[in-house]
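The values are calculated or read from the model by the stated rules, or taken from the named source; none is laboratory data. Values in this document were obtained by computation on a predicted structure and should not be read as measured data. Cβ: placed from backbone, ideal geometry, glycine included. Neighbour counts: every protein chain shown. We work out accessible area using only protein heavy atoms, side chains counted, and drop any ligands, DNA or RNA first. Shrake-Rupley method; radii C 1.70, N 1.55, O 1.52, S 1.80 Å.
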Amino acid sequence: LVGALLHPLDISEKLLALLLFADPAVIGLTLTGAFVLMERGNNTLLALAVSPLRGSTYVFAKIATFSGLGILSGIAVAIAASDGDLRFAIMLPSLSLTNAAAVLFGFALVTRANSVNSFLVHMSVALLIMVVPFIPYLDETSNNALLMLALIPSYSMLVLLEAGFAEASISLA
């Protein structure tokens, strides 16, 4: 639906990359936080601790599940917004990495949270840090102070997502 609404607007690849970047943040961070807090409240995590299942298997399963949802959502938005004119060989790995990073970031945030409210506060602060690289990404000038913000990993994710569009010309600075 979002992609179908964006297609007639003919927005730039940079703005589409920002939209695709926001999708994993919503899916990965929010679902990870909600499910882990729910499982913690239902003592599911305690049951997992005494089961033969390793913790890494639990984390990998969450990454695979939530990243899969994010990839499907991202591909649907990207295809609809760009009329299917994508570089799938770049778009699929970039969506995979972005979604996996968002889920892992969600795990890092939920470990410090004792409640949903606490998680939302942590997530709000983390999202502010994640969106700071939008400034050098959208700014066409080569301001050295702003380019330092490009060291935050979300800048690289934006560049990768933009490269997934067929008409995009990749520029790193």
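Of note:
- Phi-derived couplings, Karplus 6.51 cos²θ - 1.76 cosθ + 1.60 at θ = phi - 60°, listed residue by residue for segment 108-120: 4, 6, 6, 5, 8, 9, 9, 8, 5, 4, 4, 4, 5 Hz, with x used for Gly and Pro.
- Accessible-area composition of segment 60-162, carbon plus sulfur, in percent [1.4 Å probe]: 72
- Shown in residue order for segment 42-52 are the 3J(HN,Hα) couplings computed by the Karplus curve 6.51 cos²θ - 1.76 cosθ + 1.60 at θ = phi - 60°: 8, 6, 5, 5, 5, 5, 5, 5, 9, 8, x Hz (x for Gly and Pro).
- Computed from the Cβ-Cβ distance with R0 of 25 Å, the FRET efficiency linking Ala80 to Thr30 stands at 0.65.
- Sequence-distant residues sharing a close amide H with Phe165 (under 5 Å, placed H): Arg87
- In sequence order, calculated HN-Hα J values of segment 127-135 (Karplus, 6.51, -1.76, 1.60; Hz; x Gly/Pro): 5, 4, 5, 5, 8, 4, x, 4, 5
- Approximate spin-label separation Ala108-Arg54, in nm, with each point projected 7 Å along Cα-to-Cβ: 2.3
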